[in-house]
Amino acid sequence: MRYDDSMADNSLSPHLFWQELAVDKPQRAARLKQKPMAIWFTGLSGAGKSTVANAVESVLHARGYATYLLDGDNVRHGLCRDLGFADSDRAENVRRVGESARLMVDAGLVVLASFISPSLRERNAVRARFEAGEFFEIYISTPLDICEKRDPKGLYRLARRGELKLFTGISSLYEPPVQPDLQLDTSQLCLADCVEQVVTFIAQRQ
């Protein structure tokens, strides 16, 4: 089958072809005995995305799920190390992570992705790359003032002093999800409650 425009953008060479594979996603999922999906955590820096995602993966792993956690800081050390923080770079960062998550879902995994991913358009573009029932958006809606008080990496202080440009929530826009699949405010909920809600959400869709 030819690799057509429905599979990627128009910049691809017309000489590229789609290689059919003998083992497909349902077979991989059956081997792992789980329904593969991507759980996308979005929210401001300091909202608690990575903390919740990490704790959720620990519980899922203990229960026998095959998982992988894609973390915003971690991918910048490798997959996205060549990208900065301009809008175009952030868009490419989200696109790459979205494609990585999609491949992992194709492999049969339950993928947790923890990224600020400030653009509604870019998050929707990632969702569109998944089949129905494979992508779920969790909005960690912790308010800006709480995130700034926590400031676990000292980034808000740098941003307020003008030493860190294009910082989301201060000098760069964050667009909240319009209809997230699940919303959690870590200033109102303890970690255990957040984890329980996410794990239950995933289990109900297995």
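Could you check how many residues of region 157-190 are hydrophobic (A, V, I, L, M, F, W, C), surrounded by 14 or more Cβ atoms within 10 Å (Cβ to Cβ) and in contact (Cβ under 8 Å) with a residue 12 or more places away in the chain?
Looking only at region 157-190, we keep the residues that are hydrophobic (A, V, I, L, M, F, W, C), and these are 158-159, 164, 166-167, 170, 173, 178, 182, 184, 189-190.
Right, trim to surrounded by 14 or more Cβ atoms within 10 Å (Cβ to Cβ) and you get 158-159, 164, 166-167, 170, 182, 184, 189.
So of that shortlist, the ones also in contact (Cβ under 8 Å) with a residue 12 or more places away in the chain come out as 159, 166-167, 170, 182, 184.
The qualifying residues number 6.
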Output the qualifying pairs, or none if there are none: Cβ atoms under 9 angstrom, residues six or more apart or on different chains, first residue in region 61-89 and within 17 Å of Leu166 (Cα to Cα) and open to solvent by 100 Å² or more (accessible area, probe 1.4 Å), second residue among the hydroxyl-bearing types (Ser, Thr, Tyr) and assigned to a loop (DSSP other than H, G, I, E, B). Asp87/Ser119
As an exercise: evaluate Leu144 against (1) open to solvent by 30 Å² or more (accessible area, probe 1.4 Å); (2) under 30 Å from Arg31 (Cβ atoms); (3) at pLDDT 95 or above and give the number of the one condition it does not meet. (2)
Checking the conditions here, which among Ala55, Ala38 is within 16 Å of Arg96 (Cα to Cα), modelled with pLDDT of 95 or more and among the small types (Gly, Ala, Ser)? Ala38
Across region 137-155, what is the total count of residues that are β-branched (Val, Ile, Thr) and more than 16 Å from Pro177 (Cβ to Cβ)? 1
Condition broken by Glu131, with the remaining ones in (1) open to solvent by 50 Å² or more (accessible area, probe 1.4 Å); (2) touching a Phe, Trp or Tyr at 6+ places or on another chain (Cβ under 7 Å) satisfied: (2)
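Filter region 15-29 for residues that are modelled with pLDDT under 85 and in a loop (DSSP other than H, G, I, E, B) and give the result.
Looking only at region 15-29, we keep the residues that are modelled with pLDDT under 85, and these are 15-22.
Once the filter is applied, which keeps residues that are modelled with pLDDT under 85 and in a loop (DSSP other than H, G, I, E, B), region 15-29 yields His15, Leu16, Trp18, Gln19, Glu20, Leu21, Ala22.
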Helices (runs of 4 or more DSSP H) wholly in region 41-112 with at least 2 residues that are β-branched (Val, Ile, Thr) - which ones? 49-62, 87-106
Filter pass, Tyr156 being out of contact with any Leu (no Cβ under 8 Å at 6 or more places or on another chain), aromatic (Phe, Trp, Tyr) and not in a loop (DSSP other than H, G, I, E, B): yes
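Is it fair to say Glu196 is in a helix (DSSP H, G or I) and in contact with a helix residue (DSSP H, G or I) (Cβ under 6 Å, 6 or more places away or on another chain)?
no
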Picking from Arg127, Arg96, Arg102, which residue would you name as being under 16 Å from the mean Cα position of the chain (by Cα), at pLDDT 95 or above and closer than 22 Å to Leu184 by Cα? Arg127
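The values are calculated or read from the model by the stated rules, or taken from the named source; none is laboratory data. Not measured: the values here are computed from a predicted model. Virtual Cβ from ideal backbone geometry, glycine too; neighbours counted across all protein chains shown. What goes into the accessible areas is simple: the full protein's heavy atoms, side chains included, and nothing from ligands, DNA or RNA. Shrake-Rupley method; radii C 1.70, N 1.55, O 1.52, S 1.80 Å.
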